[in-house]
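The values are calculated or read from the model by the stated rules, or taken from the named source; none is laboratory data. In this text the structure is predicted, and so the values were computed from the model without any measurement. A quick note on method: Cβ atoms are made from the backbone with ideal geometry, for glycine too, and the neighbour counts reach across all protein chains shown.
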Amino acid sequence: PVLVVDFGAQYAQLIARRVREANVYSEIVPSSMPVADILAKDPAAIVLSGGPSSVYEEGAPQVDPALFEAGVPVLGICYGFQAMALALGGEVAHTGLREYGGTKVAVTAQESTLLHGTPADQSVWMSHGDAVHNAPPGFSVLAESSGAPVAAFENPEKKFYGVQWHPEVKHSTFGQKVLTNFLHTGAGLPGDWTTGNVIEEQVARIRAEVGDAKVICALSGGVDSAVAAALVQRAVGDQLTCVFVDHGLLRSGEAEQVEQDFVASTGVKLKVVDAVERFATALAGVSDPETKRKIIGREFIRVFEDAARELVEEAQESGGGDVEFLVQGTLYPDVVESGGGTGTANIKSHHNVGGLPDDLQFKLVEPLRTLFKDEVRAVGAELGLPEEIVQRQPFPGPGLAIRIIGEVTKERLDTLRQADAIVRAELTAAGLDREIWQCPVVLLADVRSVGVQGDGRTYGHPIVLRPVSSEDAMTADWTRVPYELLAKISTRITNEVAEVNRVVLDVTSKPPGTIEWE
Ligand code: XMP
């Protein structure tokens, strides 16, 4: 793989994604990893990421010069560029001229490997206080900006390259070109890593891992569990049984999508557990958000546990392989965040198993643990999953229960489901599904307001629209949905959904507001 050495901040994952967009497989390693361990992974190339430190700060992560003696191509970015310059005998100084945000750089070299095919003047994204003043011996300087006398350099003979700016962010107009120049030309990597390869590789790995044993998987209706299940099904067929707990808190049509469309497109063996009554009873009289979440989590585990136990017993009676494995849709960001992908810490994914009792111990199959979300969608599409599942926007595990402000009842769920279906249909028809990260529709069940409909006074509930735009749900802004569309949605909801006589728009960013209301 190409190894992205993570010097902190949030850049490493983005770099790893961009490298993969250039069809080269990449993994992230922490900057604390000793060079010997890094080299033991047999990297095809190394990218040193940006980071928040100054190279001169006490305790700032450094690059061990031994890294440059292994003959591996290296690209330094921002902090990684400066650390590289320092390690190879260049000079880094406090300029006092901070550059932050969109910046112009001038390409000063006539010809180069790294900046080949990019214009003489280009907009890039900078974020630095220090700057490289002198390139290390043997390097040619390729570009400059007002705050960075050496903004890019290269030593093609040794296959060492560096840029002060962040080629991984979209604001750097030719950023992806710089990365592909490094990967394809500078490091000579072919760029043959594709979604198809991922499927083949994972299928082979799952077969080897699982052997004749049986496997179970909990389907939530979301993308990750669906794609993970489809991959395992591709690998071991009927050895897999999926369990779908219908808790009655999904949106209109979603249970059917799992029970019919998913099964039809994958041929997966599905066990549906109708737990609608059970969840309704457990939630009766509860309006506190945290209590709702805890009840739903607890009930889900119990229902899944029962289903799993039945499957284990059936398998034992039938005399085939035992149920030994549980599929988890763990993604690469979880793996990185819980231990830097070093293969040691696996804390988070075990947490995801969510407290199954000791006598139900499964080994985990995690076919998505090397993938980012957009890659998971691509794999799902290639496996033939329906668009509605593959492109599904995030939806919280506790479902509609945390979008009813107040007690959850069947009537309220029906009301919310109708309003939500209208909103989804209209946003989709307007082509806004990609622009909008998700649009929670919230029923203020404990609030009433006076209205007038058909000459009569009404005393109904408001529906809140919460359209947000986001990159990763950590921060979000409210989406500026066109007024005409809002008007249409409002009219339809108040006309078509009894009980609702008012539609309001949430215009709060995150922070301070969270995306969901509870
Ligand atoms: P908040 O409301 O914290 O939501 O801004 C951030 C993102 O997480 C989703 N969300 C959940 N997803 N289980 C989930 O699987 C949950 O309990 C849960 N709560 C919130 C939310 O929809 C948004 O995408």
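Being within 15 Å of the ligand (Cβ to nearest atom), within 29 Å of the chain's Cα centre (by Cα) and surrounded by 14 or more Cβ atoms within 10 Å (Cβ to Cβ) narrows it down to one of ILE402, ILE389, ILE422, so name that one.
ILE402
Just for region 229-257: of the residues that are of a type in the set (D, E, K, R) and in a helix (DSSP H, G or I), which one is farthest from the chain's Cα centre (by Cα)?
The selected residue is ASP238.
Answer with yes or no whether ARG457 is assigned to a loop (DSSP other than H, G, I, E, B) and either free of Cβ contacts under 8 Å to residues at least 24 places away in the same chain or over 25 Å from the mean Cα position of the chain (by Cα) (or both).
Criteria not met by ARG457.
Among all residue pairs at least 6 apart or on different chains, which show Cβ distances below 6 Å where the first residue, located in region 410-421, is within 11 Å of LEU443 (Cα to Cα) and the second is part of a helix (DSSP H, G or I)?
These pairs meet every condition: LEU413/LEU400; LEU416/LEU400; ALA419/ILE493.
Residue by residue, here is whether (1) among the polar types (S, T, N, Q); (2) assigned to a strand (DSSP E or B); (3) more than 16 Å from the ligand (Cβ to nearest atom); (4) within 21 Å of PRO396 (Cα to Cα) holds:
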position: VAL481; (1), (2), (3), (4): no, no, yes, no
position: LEU486; (1), (2), (3), (4): no, no, yes, no
position: ILE493; (1), (2), (3), (4): no, no, yes, no
position: ASN501; (1), (2), (3), (4): yes, yes, yes, no
position: VAL504; (1), (2), (3), (4): no, yes, yes, no
position: THR508; (1), (2), (3), (4): yes, no, no, yes
position: PRO512; (1), (2), (3), (4): no, no, no, yes
position: GLU516; (1), (2), (3), (4): no, no, no, yes
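Looking at this structure, is VAL408 touching a His at 6+ places or on another chain (Cβ under 7 Å), part of a loop (DSSP other than H, G, I, E, B) and outside the structural domain of ALA264 (by TED's automatic domain parsing)?
So VAL408 does not fit the description; no.
Given the criteria in contact with a Pro (Cβ under 8 Å, 6 or more places away or on another chain) and either under 20 Å from LEU400 (Cβ atoms) or assigned by TED's automatic domain parsing to the domain that holds THR415 (or both), does VAL450 qualify?
Here the answer is no, as VAL450 does not meet what is asked.
Scan (1) farther than 22 Å from ILE405 by Cβ; (2) touching a strand residue (DSSP E or B) at 6+ places or on another chain (Cβ under 7 Å); (3) among the aliphatic types (A, V, I, L, M) for the single condition LEU465 breaks and write down its number.
So LEU465 meets the others, but not (1).
Pick from region 191-203 the residues that are touching a residue at least 24 places away in the same chain (Cβ under 8 Å) and not polar (S, T, N, Q): which of them is farthest from ALA381 (Cα to Cα)?
Top of the filtered list is GLY191.
Of everything in region 168-225 that's touching a Pro at 6+ places or on another chain (Cβ under 8 Å) and outside any helix (DSSP H, G or I), which residue is farthest from the ligand (Cβ to nearest atom)?
So the residue we want is GLY188.
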